[in-house]
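The values are calculated or read from the model by the stated rules, or taken from the named source; none is laboratory data. Note that the structure is a prediction, hence the values are computed from the model and not measured. Glycine gets a Cβ as well: all are built from the backbone with ideal geometry, and neighbour counts include every protein chain shown. With ligands, DNA and RNA removed, areas are computed over all heavy atoms of the protein, side chains included. Shrake-Rupley method; radii C 1.70, N 1.55, O 1.52, S 1.80 Å.
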Amino acid sequence: MQLIEPLRYINTRKEFDDLFGNQNKKLALDKFWMGMGGNQERSRELIRRYYNRVLNANTYFSSHMEGWKTDRGLIFIIFGPPNVVYKSDNGESWTYGESGAMLSLNFNFTRVNNPFTDNDFDLERAPLYETSWYRAVDIWRQGRVYND
């Protein structure tokens, strides 16, 4: 189950429901990754890279919930580590690409006032992220690691 849940970012709803409800979850998970990777070697590399990002998200972004479930974890898993991170008392800005470049992608996170943790941030969502999101997920689904 711990390997299936973080796949919700790159699964269709049907794929996720099928994995979640399958009697033999291990076999279903292997079949999913083999379908994306196309062969055993490539699938193993995808698995390694994806779940390393999940592990890193849990290490860096966990607070009142697992790090992979947070907004920063979501972006980190799909897009990888940012090229530049700007931090302030009120939030963080992540840049993918050259800082200040026109084609760079920037994600802004605002610190949430949470009495239990100071590690809680919300992504400032905007429609302009949609195309980049679908492109990144599509690259994963083609059996390639985004931001390699």
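Miscellaneous remarks
- Mean accessible surface per residue for region 85-137, computed with a 1.4 Å probe while every protein chain stays in place, in Å²: 70 Å²
- Region 77-131 - percent of accessible surface contributed by carbon and sulfur, probe 1.4 Å: 52 percent
- Area accessible to solvent at F107, 1.4 Å probe radius, in Å²: 0 Å²
- For the chain, size of Cβ-based charge dipole, Lys and Arg +1, Asp and Glu -1, in debye: 540 debye
- Rounded if a/c under 1.5, otherwise prolate or oblate - region 105-148, Cα gyration tensor axes: prolate
- Close lysine pairs were tallied over the chain: pairs 8 or more places apart or on different chains with Cα atoms under 30 Å apart number 8.
- Principal axes of region 1-92: Cα extent on each, largest first, Å: 46, 27, 20
- Spin-label model, S88 to R135: label points 7 Å out along the Cα-to-beta-carbon direction sit 2.7 nm apart.
- From phi via Karplus (6.51, -1.76, 1.60), per-residue ³J(HN,Hα) for region 58-75 in Hz, x at Gly/Pro: 5, 5, 8, 10, 5, 8, 7, 8, 4, x, 5, 8, 7, 5, 5, x, 4, 5
- Full extension of the chain between T12 and A28 yields a length gain of 4.3 nm, computed as 0.36 nm times the residue separation minus the alpha carbon distance.
- Rounded Å value of the spacing that divides the Cα centres of region 36-104 and region 114-134: 12 Å
- Taking every alpha-carbon pair under 8 Å whose residues sit at least 6 apart, the chain reaches a relative contact order of 21 percent.
- Other-chain or far-sequence residues with amide H under 5 Å of L3's (modelled H): none
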